[in-house]
């Protein structure tokens, strides 16, 4: 595991880092949000702590962390989806929500220390999960939360933690870290993990770690739960507001491409909104599979000096190359006020030429 840099961008977050008593290997940076920039970011694992999330802070975080691998932002839990949370859910940022039951700084510090423990390497007698495994669960487009419990044994600690988690059967993944006596049997931990296996769906990722705890006879447990945020209502709203078939198709394709929705969800949205699945596939190929072709095509077709005849010819060639079909063709015709009959005529002429060349 690489070292961690914690960044506090307000006074309460500063207090949280002070309370957390971090490892000597972790770095701490305290900076005002107005001065936070990419120059503040190191090659370490980045964890930003905020005591209040607003649209200004969210915009700064988006710009600062856009090129960072696995950036994490710890923030107080919000009762509903806000503009700033929606913005960050659409980025590469991993969001960790903290339920506030007492002083904000104290609650934040507990999660800060726990994430440090999860992401730091243990000693040779402790079990540490691989970084890629951890971040297959701690992931963007999700709301991640930490839960805590302790008991005389691992099974009871797990049951107490599970009782705090709503909708456990639908979670995307779980990271468990048991703080135990060195002589505790791994069989006991295995029995505790069976409790989680029985309460989650079969595709949920579940990993565990151990840390030695010589100060307490109780088993202490940290559980990190990841829930994918459902973007479907938001995407449907954008589809409803889109003025053309092409824009509606593009909304679904772009959200599939950035990981907001699965392929099955994209297909379902397409069917619900009268969008042909072939159009979704073709537009995805145009925008994401053939980026060079897309750039050249859009550059040429948007050229103000290009004649309508040449623009029609470009569109006809895109149809021949299977970049677009008749539905997207209609949208381009409408946008650029072109003759659909001339484009179809050009398509037919090109196909005839291809057939002649193949015979030769």
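Being out of contact with any helix residue (DSSP H, G or I) (no Cβ under 7 Å at 6 or more places or on another chain) and surrounded by 17 or more Cβ atoms within 10 Å (Cβ to Cβ): is that true of residue 228 here?
It is true that residue 228 is out of contact with any helix residue (DSSP H, G or I) (no Cβ under 7 Å at 6 or more places or on another chain) and surrounded by 17 or more Cβ atoms within 10 Å (Cβ to Cβ).
Quickly run through region 118-129 and pick out the residues that are out of contact with any helix residue (DSSP H, G or I) (no Cβ under 9 Å at 6 or more places or on another chain) and surrounded by fewer than 16 Cβ atoms within 10 Å (Cβ to Cβ).
Residues satisfying the conditions are 121, 123, 124, 125.
Okay, residues lined up against (1) modelled with pLDDT of 95 or more; (2) crowded, with 16+ Cβ neighbours inside 10 Å; (3) in contact with a strand residue (DSSP E or B) (Cβ under 9 Å, 6 or more places away or on another chain):
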{"residue": "132", "(1), (2), (3)": "no, no, no"}
{"residue": "144", "(1), (2), (3)": "no, yes, yes"}
{"residue": "154", "(1), (2), (3)": "no, yes, yes"}
{"residue": "167", "(1), (2), (3)": "no, no, yes"}
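Does residue 105 meet the test of being touching a residue at least 40 places away in the same chain (Cβ under 8 Å), crowded, with 19+ Cβ neighbours inside 10 Å and in the same structural domain as residue 183 (by TED's automatic domain parsing)?
When the stated conditions are applied, residue 105 does not pass them.
Any residue in region 330-357 that's assigned by TED's automatic domain parsing to the domain that holds residue 245 and within 20 Å of residue 298 (Cβ to Cβ): show its pairings with residues that are assigned to a loop (DSSP other than H, G, I, E, B) and modelled with pLDDT of 85 or more at Cβ separation under 6 Å, as long as the two are six or more apart or on different chains.
331/244
Hey, any hits in region 30-45 for a residue that's at pLDDT below 95 and under 18 Å from the mean Cα position of the chain (by Cα)?
Among the residues of region 30-45, at least one is at pLDDT below 95 and under 18 Å from the mean Cα position of the chain (by Cα), which makes the answer yes.
Look at residue 94 and say whether it is surrounded by 13 or more Cβ atoms within 10 Å (Cβ to Cβ) and within 30 Å of residue 237 (Cα to Cα).
Criteria met by residue 94.
Go through region 1-40 and count every residue that is farther than 14 Å from residue 51 by Cβ and assigned to a strand (DSSP E or B).
Summing the residues that are farther than 14 Å from residue 51 by Cβ and assigned to a strand (DSSP E or B) in region 1-40 gives 5.
Looking at 22, 61, can you tell me which residue is modelled with pLDDT of 90 or more, under 23 Å from residue 227 (Cβ atoms) and in contact with a helix residue (DSSP H, G or I) (Cβ under 7 Å, 6 or more places away or on another chain)?
The conditions single out 61.
Hey, could you check region 271-307 for residues that are over 14 Å from residue 328 (Cα atoms), at pLDDT 85 or above and within 27 Å of the chain's Cα centre (by Cα) and say which is surrounded by the most Cβ atoms within 10 Å (Cβ to Cβ)?
273
Would you check if there is a residue in region 62-82 being out of contact with any strand residue (DSSP E or B) (no Cβ under 6 Å at 6 or more places or on another chain), in a strand (DSSP E or B) and without any contact (Cβ under 8 Å) to a residue 60 or more places away in the chain?
Yes, region 62-82 has at least one match.
Out of (1) touching a helix residue (DSSP H, G or I) at 6+ places or on another chain (Cβ under 8 Å); (2) under 30 Å from residue 118 (Cα atoms), the odd one out for residue 279 is which?
Residue 279 satisfies all of (1) touching a helix residue (DSSP H, G or I) at 6+ places or on another chain (Cβ under 8 Å); (2) under 30 Å from residue 118 (Cα atoms) except (2).
Here is a check on your reading of the model: is residue 252 modelled with pLDDT of 90 or more and touching a strand residue (DSSP E or B) at 6+ places or on another chain (Cβ under 8 Å)?
No.
Please pick out the residue among 241, 203, 251 that is closer than 26 Å to residue 90 by Cα, surrounded by 14 or more Cβ atoms within 10 Å (Cβ to Cβ) and without any contact (Cβ under 8 Å) to a residue 24 or more places away in the chain.
Exactly one of 241, 203, 251 is closer than 26 Å to residue 90 by Cα, surrounded by 14 or more Cβ atoms within 10 Å (Cβ to Cβ) and without any contact (Cβ under 8 Å) to a residue 24 or more places away in the chain, namely 251.
The values are calculated or read from the model by the stated rules, or taken from the named source; none is laboratory data. Computed from a predicted model, the values in this text were never measured in an experiment. When we count neighbours, we look across all protein chains shown, and the Cβ atoms used for this are built from the backbone with ideal geometry, even at glycine.
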